[in-house]
Amino acid sequence: MIASVYQLRGVSYTYEGSDKPALDIGELSIRGGEVTVFTGPNGSGKSTLLSLLALDIAPATGDLLFFGERPISARHRSRIGILDQHPYLFDISVRANVEWGLKARKLMDDMDERVGKALSDLGLSSYSERRARKLSGGEMQRVALARTLVLNPDILLLDEPTAHVDASSRERIERIVKEWVAREGGTAIVTTHDVALAQRLGGSAYRLQEGKVSASGVDNVFMGHFVMGEGGVFDTGHIKINVAGKRQGKAVTLRAEEVILSTHHLESSVRNNLEGTITDVSLGDGGLLLVTVDCGERIVASITTSGWADLGVSVGERVHVSFKASALRVVE
Amino acid sequence: MDYLSASAAVAADLILDFDPEVYGIVLTSLKVSVSATVAASLIGVPLALSIALNNFWGKAFIRLLLNTLMALPTVVVGLFVYALIGRAGVLGELGLLFTPAGIILGETLLALPIITNLTLVAVETLDPRFFKTCRLLGGSTARTARAALFEARLGILAALVAGFGRVVAEVGVAMILGGNIKGFTRTMTTAIALETSKGEFALGLALGALLLLVALGVNGALFAIRRRA
């Protein structure tokens, strides 16, 4: 595993005609061989960050090191594969689309084998002779991913990769990306507004807000639905959660620092009280500990080391988990 | 009015009886127009692709020039080429004046700015993601050009049809450089001009109808291709 694929120091980028930088990063290091996810709403700087990482634009100020090197050349760019939110497919067959980059780079020795494998991995073997533009959104996204992965990039940049695809394509794309990272030791960098996707892909998570990057995205994402007739009750299939405010959405998120751990049931106004078994304790940002508790759903709590010592529990032991209904954020 | 309807009846007979003179003129017209369109395409399409895919100083001026040349009067082209291939011209020794090859040369120059400019527009208005994708996949300029040729094929086909339409319907170049020699350089448009000046409407009407039929056929084919795509 490469320690650091990208290193950004004091990087900012301002678009022409704007007086506010679209991106303003103090220090950011992206590790190789894992998935890194940047979440943030529209206009938070995700696309600008991706263009910088794709070496498409140069930072206005600061340093961007790629595999520890600078300046950037075509040789560097050829190590990067990009999957756009709305990829452009040539108006030719699926197979010809996947072959395009290999032919362009004159990598034709084992082309048939590589293309066959890429098509098979993405579940596209039976579509290979069909016109790419006639496929559904999810299938087109898979063709674009096959076309990118067949070039064996070191880095894979994905911009909202599953925003407009059906559930089966989404699952396959997520699985393929995770497998690719595990098998090839590749580095996948994903930008998305979908915190649930960030959770499913795992790896390092960052949040982008008004062009600024902050460490650790949302720690807990629960998928499910609101229960009809029970105002504000969200059912994950395993646990029921009381949520204040908006009552429409497919997911709710909860930040780890909002979760309270205790060895006994808390007598308070907190509406969510659960009990579970501690399954993991790891070191988080700023010297805090991240404690994972299995309450039917895995819930991550952030706690200081002294707080952890005061609790006096360890992995495998039972613990009470509490959080306010107002601490949950509903995702559409 | 009677005279006109009588002429129309004679024109219909000439068409339906496959009059050798009428169809000989049509054939000459088609031969020179198709040759000129092919020649202009072989030069204009690669030229447009190289302009579209490269950034260089003076690109905006070339666009302006091509737009201006699209409105070039046919007689001006005829005059210019006449000066080149006439007896005293630089290319006078080739003996191209008053030959089909002379008309083809003039009409090629006439179609060239149209085909180049419309192809340029077709390529430049391709989805911007096309160019980005080619670059990311490592496509060279030549490979990107080949892909652009296919992706913009309908626009390019329309450019070729516009070029053909311009040359098949023009009269200035064919008249000045061809000389309207019967059975040799007489085209549909020069024959119509001649017959009209003689007050012989029948042959002119027959040729006019066939000219429209040719235009209809070419545009119909383009329409069908667009629908299939």
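Remarks
- Residue check: B:Gly179 meets all listed conditions (1) modelled with pLDDT under 95; (2) within 14 Å of another protein chain (Cβ to nearest Cβ) but one, namely (2).
- Helices (runs of 4 or more DSSP H) wholly inside region B:71-161 that include at least 3 residues being at negative phi, within 14 Å of another protein chain (Cβ to nearest Cβ) and open to solvent by 50 Å² or more (accessible area, probe 1.4 Å): B:128-136, B:141-151
- Those residues of region B:62-84 which are touching a helix residue (DSSP H, G or I) at 6+ places or on another chain (Cβ under 6 Å) and of a type outside the set (A, V, I, L, M), in sequence order: B:Thr74, B:Gly78, B:Tyr82
- For the residues A:Leu64, A:Leu149, A:Leu49, the requirement of being within 21 Å of the chain's Cα centre (by Cα), farther than 20 Å from A:Trp180 by Cα and of a type in the set (A, V, I, L, M, F, W, C) singles out A:Leu49.
- Of the residues making up region A:166-182, those that are open to solvent by 30 Å² or more (accessible area, probe 1.4 Å) and over 14 Å from the mean Cα position of the chain (by Cα) are A:Asp166, A:Ala167, A:Ser168, A:Arg172, A:Glu179, A:Ala182.
- The lone exception for A:Gly229 - which of (1) at pLDDT below 80; (2) in contact with a strand residue (DSSP E or B) (Cβ under 9 Å, 6 or more places away or on another chain); (3) farther than 27 Å from A:Pro59 by Cα; (4) not assigned by the TED database to the domain that holds A:Leu49 it fails: (2)
- On inspection, B:Leu213 does not qualify as crowded, with 21+ Cβ neighbours inside 10 Å, modelled with pLDDT of 90 or more and either touching a Ser or Thr at 6+ places or on another chain (Cβ under 7 Å) or not β-branched (Val, Ile, Thr) (or both).
- Single residue of A:Val313, A:Val300 found to be within 20 Å of A:Arg207 (Cβ to Cβ) and hydrophobic (A, V, I, L, M, F, W, C): A:Val300
- Summed over region A:90-116, the residues that are more than 8 Å from chain B (Cβ to nearest Cβ) and part of a loop (DSSP other than H, G, I, E, B) give a count of 5.
- For A:Gly26, the conditions (1) in contact with a Leu (Cβ under 7 Å, 6 or more places away or on another chain); (2) in a strand (DSSP E or B) all hold with the exception of (1).
Conditions (1) within 14 Å of chain B (Cβ to nearest Cβ); (2) in contact with a strand residue (DSSP E or B) (Cβ under 6 Å, 6 or more places away or on another chain); (3) open to solvent by 50 Å² or more (accessible area, probe 1.4 Å); (4) farther than 17 Å from A:Gly81 by Cβ, marked per residue:
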| site | (1), (2), (3), (4) |
| --- | --- |
| A:Leu122 | no, no, no, no |
| A:Ala132 | yes, no, no, yes |
| A:Arg147 | yes, no, no, no |
| A:Asp159 | yes, yes, no, no |
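- Meets criteria (in contact with a helix residue (DSSP H, G or I) (Cβ under 9 Å, 6 or more places away or on another chain), open to solvent by less than 40 Å² (accessible area, probe 1.4 Å) and within 11 Å of another protein chain (Cβ to nearest Cβ)) for A:Gly138: no
- In this structure, A:Ile82 does not satisfy being more than 12 Å from chain B (Cβ to nearest Cβ) and of a type outside the set (D, E, K, R).
The values are calculated or read from the model by the stated rules, or taken from the named source; none is laboratory data. All values reported here derive from a predicted model rather than from experimental measurement. Cβ coordinates were reconstructed from backbone atoms using ideal geometry, including for glycine residues, and neighbour counts include every protein chain displayed. Protein only, heavy atoms only, side chains kept; ligands, DNA and RNA dropped before computing areas. Shrake-Rupley method; radii C 1.70, N 1.55, O 1.52, S 1.80 Å.
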